[in-house]
Amino acid sequence: MLVLVTGGAGFIGRWVVKRFLDLGHVVRVIDNLSGGRVENLDGLRSADGRGPELVQGDVRDPRLLASLFADRPGACVHLAARVNVQSSLDDPATDFSVNVVGTHLLLEECRRRETRLVFVSTCMVYAAAVEDEGINENSPLLPLSPYAGGKLAAESLCLAYQRAYGTPVVVLRPFNTYGPYQRFDGEGGVIPVFLHRVQSGLPLRVHGDGRQTRDFLFVEDCADFIVRASLSDRAIGLVINGATGRDVAVGDLAKAIAGGSVPVEYWPSPHPRSEIARLVGDCRLARDVLDWRPSVSLPEGLRLTSDWLRRCAGGGGAR
Ligand SMILES: NC(=O)c1ccc[n+]([C@@H]2O[C@H](COP(=O)([O-])OP(=O)(O)OC[C@H]3O[C@@H](n4cnc5c(N)ncnc54)[C@H](O)[C@@H]3O)[C@@H](O)[C@H]2O)c1
């Protein structure tokens, strides 16, 4: 199958591309490289030696999209997005344009070509988890940032296209994803940022009181979740969580990663009103529909990420 992966040169995208190639599919990537890197795709090949085709461009370019859909991809995995909560607060208009208008333009192509759209949304559309219960797909929604609001708007459009036109769509809500190839600069995820600071001998900075919890999903498990949802007919029309079902407080995570070798500092959150107090997912639907279970534990994922960071600090590779 020909698969179009938007944002395929980004962190999660790179692993999704790899998984599709490993399964023998033909992969075309569209990415404007605003957050991704060409090097993220280096060395990725299917068994017959074919690499991904990278088209540098913007998902908001209708002419480019028409040309990319001309040979009717079987599925389009839509990952391209502005992914930073702070950027969405600073510039909500651009966020809306990329994350909502961009999704709408892709939906139009998918409608025309009968291509399945796998929309990668986020757990940040949910209200905080209560007591001991994980968040399931019917739990209350409460977007607290333009980023989360835009993702929810784009989800609604996808589901409306499914109902109105029969366009095959799947909406996925991965929880906090981490691992190799994630940025570890100011724009990065909390795990690579913490690991990189420890490796550089710098104190770890926790935003807020550190009691906020997150359900950390290793990126190869996330990619497996996305690819299974792209290939399963049972997933069509559904909204599905990707999570481990376990959460950890960010302060405890920092202490574990610091291991006493660097101090842990507590800083005011830059956007306290957009912080979600507790995020832990219930992933029973993904298990039942996709036969998917995460397979990498947090300690193992931290080790794999830390090893990768050490290697790329040596080679000066990623950010
Ligand atoms: N990382 C997480 O924890 C997480 C969790 C849940 C959902 N997600 C979602 O997964 C997707 C991928 O996130 P990521 O963490 O890999 O981030 P990323 O920034 O590494 O990937 C996004 C990619 O989209 C590209 N892009 C951005 N705007 C574009 C545009 N207008 N046209 C074409 N390409 C564009 C970027 O260059 C980048 O390669 C996003 O949709 C994000 O909302 C991420």
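We did not get these values from a lab; they are worked out from the coordinates using the rules stated. The model shown is predicted, which means the values in this text are computed figures rather than measured ones. All Cβ positions, even for glycine, are placed from backbone atoms using ideal geometry, and neighbour counts span all protein chains on display.
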- Query: Counting only residues that are more than 23 Å from the chain's Cα centre (by Cα) and under 15 Å from residue 271 (Cα atoms), how many does segment 185-204 have?
  - Reply: 0
- Check on residue 184, touching a His at 6+ places or on another chain (Cβ under 7 Å), within 13 Å of the ligand (Cβ to nearest atom) and touching a residue at least 12 places away in the same chain (Cβ under 8 Å): yes
- Query: Scanning for something surrounded by 16 or more Cβ atoms within 10 Å (Cβ to Cβ) and more than 23 Å from residue 107 (Cα to Cα), does segment 62-71 turn up at least one residue?
  - Reply: no
- Task: State all residues of segment 18-48 that are within 19 Å of residue 189 (Cβ to Cβ) and more than 10 Å from the ligand (Cβ to nearest atom); if no residue qualifies, say none.
- Result: 18, 39
- Item | Matching residues in segment 111-153 - criterion: being closer than 23 Å to residue 224 by Cβ and among the small types (Gly, Ala, Ser) | 121, 134
- Item | segment 9-24 residues that are on the phi < 0 side of the Ramachandran plot, paired with ones that are among the acidic types (Asp, Glu) and more than 6 Å from the ligand (Cβ to nearest atom) (beta carbon under 7 Å, 6 or more apart) | 15/220; 19/224
- Reported set for segment 285-300 where residues are in a helix (DSSP H, G or I) and within 19 Å of residue 238 (Cβ to Cβ) is 285, 286, 287, 288, 289, 290
- Query: How many of the residues in segment 7-24 are farther than 17 Å from residue 181 by Cα and surrounded by 24 or more Cβ atoms within 10 Å (Cβ to Cβ)?
  - Reply: 1
- Within segment 166-179, count every residue that is within 12 Å of the ligand (Cβ to nearest atom) and out of contact with any strand residue (DSSP E or B) (no Cβ under 6 Å at 6 or more places or on another chain). 1
- Task: Give the residue, chosen from 109, 131, that is among the charged types (D, E, K, R) and touching a residue at least 40 places away in the same chain (Cβ under 8 Å).
- Result: 109
- Query: Can you name every residue in segment 94-131 that is under 16 Å from residue 241 (Cβ atoms) and within 18 Å of the chain's Cα centre (by Cα)?
  - Reply: 118, 119, 120, 121, 122, 123, 124, 125, 126
- Message: Among (1) within 7 Å of the ligand (Cβ to nearest atom); (2) in contact with a Cys (Cβ under 8 Å, 6 or more places away or on another chain), there is one condition residue 58 misses while meeting the rest; what is its number?
- Response: (2)
